[in-house]
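See below for the structure under consideration.
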Amino acid sequence: MRMQPIKFGTDGWRAIIAESFTIENLTRVTEGMAIWLNATYPKPSVMVGYDCRFNGSLFSNQVARVLASHGIQVFVAQRFVSTPMVSLAVAKRQVSAGIVITASHNPPEYNGFKIKGDFGGPGLPSTVAEVEAHIPDTPCDYPLTFAELEEKGLIQHFDMESLYLNHIRESFDLDLINQSGIKIGYDAMYGAGQRAFRKLFPKATMLHADYNPSFMGTAPEPIEKNLTEFQALIRSAGLDYGLATDGDADRIGLFDENGTFVDSHHIILLLIHYLHKVKGLTGKVVYTFSVTPKVDKMARLYGLPVDCTKVGFKYICEIMLNENVLVGGEESGGIAIAGHVPERDGIYIGLTILEMMARSGKKLTELVQEIYDIVGAFNFQRRDLHLPEAEKNAIVAKLQSSPYTEFGDYKVIRTQTLDGYKFDFADEQWVMIRPSGTEPVLRIYAESATRAGAEAILDAVIAAIRKG
C-alpha cells in the first residue's frame, strides 16, 4: 500500500509518535538518507544520536540498522545526547553526516529526524531536498538485526558526550567561572543537556534534570511562559544567572539575577558586544527575519557586515560555511558564534555569557543596560495561536491577497515579506505574522519600547486578524 509523502519542515521531519512517526515511516526516511549518502560519498559514515524523548533508543537503533544494512558505517550514541554533541562529533570525527532523533522543542507527543551535514551543522536546504526526493513510497524489509550488524562492525558505539565535554573544557576557563562567585541555575527542561551540565557545574542549582519523556506535559521550549517554575526558583534561591535549554539543548533562554527573562534578541546583542568590543573579534552578523532590528543597528554601529535570512537556522549555517560569521542567531533561541561548529548550542552560548559576566565582574542586568545604552531599550513578545487548519489558512490567504494597512491604532508604514509578514509601525515598533514550519501554529511577534507596548500591539493584531 502506498504511504503518505513525508515532508521536512523548518528543521527536519517531525510528527506525532504512533500516528505518523512510526517505525515504518522512520525506515522510509532513513532509506532516503541511505540512498543519498551512497550516491554522494564513496564510503559514507554517520553519527546517530537521540535525545530524551519516548523510545529514542529504539528509533535510533532502527535508523542505525537501516543505514548499516545499506553498507554505511554507523556510530551510535551510547546514551541520550544533545544535538550539538552529534554535530560536534560529525565535525571532529569527519564523518559524512549526522542524524538526531529529536523533535527539539515540540510537545512530548512528537518525535523527529534531524539531518546534520559533514561540516557539523544543519543539513543544507539542497541536501534535505535531495534526501526527501529519495524517500520511497513503502519501506523495505531488513533481515539483519542490530546485534548482527554490530557484530559485523557496521555499527559501533561512540561516546559523543565525552567528546563534547572535552571541547567545552578546552573552549572556556571554567575555573574563572567557578571562582567568580556567580550562583548558577540550570533548567534542563527534562532535555538532553542535563547530564553534561551537571558534570560541568556540579554545584549549580538544577531543575527538571532527570529523565522524563513526558516533560510533565510542557513543551521543552525555553521561552518565558514555559519557565515560570525556574523563574520562581531563581528568585527564591537568590541565583545570579539562570540558563535553560530545550529538549535537544540547542536552544537557549536566560534569566538575570532578578528573575527577569533575557530573550534571544538580547543574547545576540550581548554576544556581538562581547565578542567584538571586548574580545576584538570581527565577522558578519547574520540573523533571521523575526529577530529585532536592533541587531542590525548594533552591527552597523560597530562596522560589522550584516545579513538577514528566512526563518530557520539552516539558512544561517549556509552563510557560516562560506563567510566569516561572528554571530548567527534566530528569535527562537538558536544561536551560533565563531570558534565553534556552525550549529546552535544552548550550553555553549550560555557559557559564553557566563564568561562575559565572570570577566567583567558585572551582573547580567548591568550588561543588558550596556547594550541599551548603545541601541536603546526594547521589549519583544510572542504569542502562538493554535488554530484549526482552515482558520489558519484563511488568515494566511488574507495576508497574501490583501495585506493590512493598519491594526487598530497602529498604522503600517512598511510591509516586508521575506518569510511571513512583517509590518513596521512608528517609533521602531513592529509586528510579524508567520505560520510555524514545524507545528500547527500561527506565530505572532511584536516589539516595542516596553512590555506593555508589545502586548498592546499583539492584542490589536490578534483582534484584527480574527475579525478578518
Query raised in the report: What number of residues in region 434-455 are open to solvent by 40 Å² or more (accessible area, probe 1.4 Å) and either in a helix (DSSP H, G or I) or hydroxyl-bearing (Ser, Thr, Tyr) (or both)?
Result: 4
Requested in this report: Given the conditions (1) over 28 Å from the mean Cα position of the chain (by Cα); (2) surrounded by fewer than 17 Cβ atoms within 10 Å (Cβ to Cβ); (3) closer than 21 Å to ASP296 by Cβ, report the number of the one that PHE425 does not fulfil.
Outcome: (2)
Requested in this report: Exactly one condition in (1) of a type outside the set (D, E, K, R); (2) in contact (Cβ under 8 Å) with a residue 24 or more places away in the chain; (3) closer than 15 Å to GLY56 by Cα is not met by ALA18; state its number.
Outcome: (2)
Query raised in the report: Does region 212-228 contain at least one residue that is more than 30 Å from GLU439 (Cα to Cα) and either open to solvent by 50 Å² or more (accessible area, probe 1.4 Å) or aliphatic (A, V, I, L, M) (or both)?
Result: no
Report task. Would you please name the residue that is surrounded by the most Cβ atoms within 10 Å (Cβ to Cβ), looking only at residues in region 372-413 that are charged (D, E, K, R) and under 29 Å from the mean Cα position of the chain (by Cα)? Result -> ARG382
Query raised in the report: Being closer than 23 Å to PRO136 by Cβ, touching a residue at least 24 places away in the same chain (Cβ under 8 Å) and of a type in the set (Ser, Thr, Tyr), is that true of even one residue in region 71-94?
Result: no
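Would you mind stating whether MET216 is closer than 26 Å to ARG53 by Cβ and assigned to a strand (DSSP E or B)?
Values: closer than 26 Å to ARG53 by Cβ: yes; assigned to a strand (DSSP E or B): no.
No: the conditions fail for MET216.
Can you tell me which residue among TYR142, TYR190 is at pLDDT 95 or above, of a type in the set (Ser, Thr, Tyr) and assigned to a loop (DSSP other than H, G, I, E, B)?
Numbers: TYR142 fails: at pLDDT 95 or above.
Step by step, each of TYR142, TYR190 is checked, and only TYR190 is at pLDDT 95 or above, of a type in the set (Ser, Thr, Tyr) and assigned to a loop (DSSP other than H, G, I, E, B).
Residues are listed down the side, and each one gets a yes or a no for (1) open to solvent by 10 Å² or more (accessible area, probe 1.4 Å); (2) closer than 20 Å to GLY71 by Cα:
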| position | (1), (2) |
| --- | --- |
| GLY9 | yes, no |
| TRP13 | yes, no |
| ILE17 | yes, no |
| GLU31 | no, yes |
| ASN38 | yes, yes |
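Listed here are the residues, each with its yes/no results for (1) in contact with a His (Cβ under 8 Å, 6 or more places away or on another chain); (2) closer than 30 Å to ASP240 by Cβ; (3) not charged (D, E, K, R).
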site	(1), (2), (3)
THR365	no, yes, yes
GLN369	no, yes, yes
LEU399	no, no, yes
PRO440	yes, no, yes
ILE444	no, no, yes
ALA452	no, yes, yes
Query - Odd one out for GLY217 among (1) in contact with a strand residue (DSSP E or B) (Cβ under 9 Å, 6 or more places away or on another chain); (2) modelled with pLDDT under 95 - result: (1)
Report summary line: Scanning region 179-204 for residues that are touching a strand residue (DSSP E or B) at 6+ places or on another chain (Cβ under 9 Å), over 15 Å from ILE347 (Cα atoms) and not basic (Lys, Arg) gives ILE182
Query raised in the report: Pairs under 8 Å by beta carbon, first residue more than 13 Å from ILE444 (Cβ to Cβ) in region 389-410, partner part of a helix (DSSP H, G or I) and open to solvent by 50 Å² or more (accessible area, probe 1.4 Å), six or more apart or different chains?
Result: GLY408/ALA463
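Would you mind stating whether ALA463 is over 27 Å from SER104 (Cα atoms) and assigned to a loop (DSSP other than H, G, I, E, B)?
Here the answer is no, as ALA463 does not meet what is asked.
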Report summary line: Given (1) at pLDDT 95 or above; (2) touching a helix residue (DSSP H, G or I) at 6+ places or on another chain (Cβ under 6 Å), PHE8 misses just (1)
Report task. For residues that are open to solvent by 10 Å² or more (accessible area, probe 1.4 Å) and modelled with pLDDT under 95, tally how many sit in region 91-126. Result -> 4
Query raised in the report: What residue, among those in region 158-168 that are in a helix (DSSP H, G or I) and out of contact with any helix residue (DSSP H, G or I) (no Cβ under 8 Å at 6 or more places or on another chain), is nearest to MET85 (Cα to Cα)?
Result: SER162
Query - Every residue from region 387-409 that is in contact with a helix residue (DSSP H, G or I) (Cβ under 6 Å, 6 or more places away or on another chain) and modelled with pLDDT of 90 or more - result: PHE407, GLY408
Query raised in the report: Restricting the first residue to region 292-304 and requiring it to be at positive phi, which pairs with a second residue that is surrounded by fewer than 16 Cβ atoms within 10 Å (Cβ to Cβ) and not in a helix (DSSP H, G or I) meet a Cβ separation below 8 Å and a spacing of at least six or different chains?
Result: none
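The values are calculated or read from the model by the stated rules, or taken from the named source; none is laboratory data. Nothing here was measured: the structure is a model prediction, and the numbers come from that model. Reconstructed Cβ throughout: ideal geometry from the backbone, glycine too, with neighbour counts over all protein chains shown. Note: areas computed on protein heavy atoms with side chains; ligands, DNA, RNA excluded. Shrake-Rupley method; radii C 1.70, N 1.55, O 1.52, S 1.80 Å.
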